[in-house]
Structures are given as structure tokens and as C-alpha cells.
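The values are calculated or read from the model by the stated rules, or taken from the named source; none is laboratory data. Computed from a prediction, not measured in an experiment: that's the story for all the values here. Positions of Cβ are generated from backbone atoms using ideal geometry, with glycine treated the same way; all protein chains shown enter the neighbour counts.
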Amino acid sequence: MNFNSKPKARILIAEDESALRNLLEMSLSAEGYEIIAAEDGREALELFKRDHDLDMVVLDIMMPRMDGFEVLEEIRKVSDIPVVMLTALGSADDIIKGFNMGADDYITKPFVFREVAARIEAILRRVAWMKQPPAAPTELDEGQIKMNLRTHEVIVRGAPCQLSPIEYNLLKYLMSHKGETVDKKQLFREVWGYEFEGSTNLVEVAVRRLREKIEMNPSEPEHLHTVRGAGYIFEYRPAS
């Protein structure tokens, strides 16, 4: 890492396998990131609470003292910082659990380093895009939902609505394309930042989480609708 230049981002990595932790630290440092490493979940949470300049957290799920889910739960109480989960678990339920708790992405072990670097770069680009001052319009307004693209404030039925970065970008993209059917490949590319992977249900989980926050009845949405076999459409259809 070139210490004479500003790092691309500061990333906290929590991984109890020392060989893998060291590999990630060295590889990402070589890519220009500043890495803060933790050996277990409790140390990761302590480092997170002390360091207010982090840009991302990468959490292994299976760790001693505190597992990744417990750390993620504590982080989401106070921050919407991007969180990527590392998992060797084969159960889709564990992956869905992470997304339901507010994870932004996951990487399944074993992995190649290029995949890790690509996921991290995509997430950081997404966060940077969210922070950019918008071109016109500066507000999106449809049905009972308003988004201020300058302040990133989301108002649902007159009350502030707290969204994670991925939920915000998903809502922003869908509202910007209201009335259009958007398929999963397009959402994956434009919101997550990389090409669609057919085996993941990442989009479905994110849509479900978003509905739980913006709809009166997520099972009968008025704004975010499923177009069977085609994707999703954002269009206000008030319940009769």
C-alpha cells in the first residue's frame, strides 16, 4: 500500500482464520485499501465502536466470542455502513438471515480474491453514487413516498423512513423508472453494481425488506409490485 496517498477506503475485516485474514489484509492493502483486522466478532465490534472513519465492514459469520450475525445486529443499531458477510455455510437460510438483518452482500467461501475485490469496489461505487449531488430532479414523489435526493431523506406517509444504502438505492432506481417493468438482471447491474448471478435471491430479499418499510401491507403492496416472470414495477395503485 502506498502510504503517501490517501487510501481508497478504510475497511474493517473480521475473520478468525489467520491465514485467510492475512491474505485478505495483504491483498486488499495492495489494492490501495487501508485494512483494520480483527480476530473475532467481539474484537471487531470494539474496533468498530472506536473507529468513526470506516467505509465498510467485512464479517465472517462463524467466529468465536461473537458471530457475524451478532456483530451485524449491533452495527445496524447505530450505523448503515456497508457490511459484507463471508460465509462457508451452504444453507440459503443463513444467507437470507444476513440480508434480513441488513447485510449489503455476501461472499461464499472458498472464493477467489478477484471476486472479493470486485464486490467491494461495486459496493463502494454504489455508496459514492448515492452521496453525489443529484442532477434534476432533486425530489422523487409517488403515492405516499417522497425522496429528497439532496438530503437522502425518505418520507413515507408523512414520517421519516430509515433505509440501508442498498434499500435507498433500490428505491431510488425504481422510483426513477416508475411505470417501467425492471427485471432482476437490470436491478442487479444498476443497483448492486455487477452482473446478475442466477443462483442468488438477493433481489427478492431486498425487495421484501423494502416493502416491509414502505408499504402499509407488504403482502398487498400499493407501490412496489411484482410483474410475474418479468421483474418489478414501481407504480402507485392505492388499495380500494
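For region 52-66, the criterion of being under 21 Å from the mean Cα position of the chain (by Cα), under 21 Å from residue 108 (Cβ atoms) and acidic (Asp, Glu) is met by at least one residue.
Highlighted here are the strands (runs of 3 or more DSSP E) found entirely within region 64-178 that include at least 3 residues which are touching an Asp or Glu at 6+ places or on another chain (Cβ under 6 Å) and either modelled with pLDDT of 85 or more or at negative phi (or both): 83-87.
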